[in-house]
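A short worksheet on the structure shown next.
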Amino acid sequence: MQHDPPVTVDVLQSIRSGKERQFEALLEQIIGTASTFEGYLGSSVFRPSDQNPSEYRVIFKFDRLEHLKRWENSTARQNYLNQAKDLTVDEGTFLIITGLETWFTLPGKPGLKPPVRYKMVAVTGIAIFAINRVLALLPTTWLGMFPPLVQLLILVFVTTALMTYVVMPRLTKLLAWWLYPNQ
């Protein structure tokens, strides 16, 4: 069976001055149509900031690469891209992210190329090790009411939640100098 991971698409798009409302309306249509495609998990829109007054960042998530490809190759998407040409400065940048890369994003630096894999593996391994050591020190008597397999499952979910929402965002920021040496 072919590996078909969940996928995130990071789109950066600069909008022509005065075309923001039209782009917003088109973006609403794009997201509405994308949401009807199989495997669509959601979108996030980051509007222009003071640092980048014309730049939009749009994140699309799909459960499988195959489903993303169906959306990307659809006639509807091609039509939207053609309409966007009149509203945008250039073609923008599209970055497809799978696997560990989703943990290695820096706020304020959208579209940044992920670190090399050995660095991602090293940071992830250290973080999981540290979380597991801390969890081992905590009283876990309440887990005793569950069978061993359920106990392990609970600990895996706690570790994953801590990795995603607490540890990796902070570690990525803290180690940005090493993970992204040329940025």
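Where a number appears in this text, it was derived from the coordinates with a stated rule and is not lab data. None of these values were measured; they are calculated from a predicted model. Because the Cβ atoms are built from the backbone with ideal geometry, glycine has one as well, and the counts that use them run over all protein chains shown.
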- [ ] Determine, at each q value in 0.12 (inverse angstroms), the log₁₀ of I(q)/I(0) that the Debye formula gives when each Cα of the range 7-101 is one equal point scatterer.
- [x] -0.36
TODO: May I ask you to sort 62, 23 by Cβ crowding, counting other Cβ atoms within 10 Å and putting the fewest first?
DONE: 23, 62
TODO: Along Cα→Cβ, 7 Å out, is where each label goes; now give me the distance between the ones at residue 70 and residue 145 in nm to one decimal.
DONE: 4.2
Open item on the list: From the helices alone, meaning DSSP H stretches of at least four residues, give me the mean residue ellipticity at 222 nm for the chain, per-run term -39500 (n - 2.57), in deg cm²/dmol to the nearest 500.
Closed with: -13500 deg cm²/dmol
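Which FRET efficiency value, to the nearest 0.05, is calculated for residue 86 and residue 155 with the Förster distance at 41 angstrom and r the Cβ-Cβ distance?
Once the sixth-power term is evaluated, E becomes 0.20.
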Open item on the list: Among 26, 81, 149, which one shows the highest mean-square fluctuation when the chain is modelled as a Gaussian network with alpha-carbon springs under 10 Å?
Closed with: 149
TODO: Enter the per residue convex hull volume of the chain, computed from alpha-carbon coordinates, in Å³ rounded to the nearest integer.
DONE: 168
Task: Pairwise FRET efficiency - residue 173 versus residue 45, Cβ, R0 = 30 Å, nearest 0.05 - done: 0.85
Open item on the list: For the pair residue 54/residue 122, report the inter-label distance in nm, with labels modelled 7 Å from Cα in the Cβ direction.
Closed with: 4.0
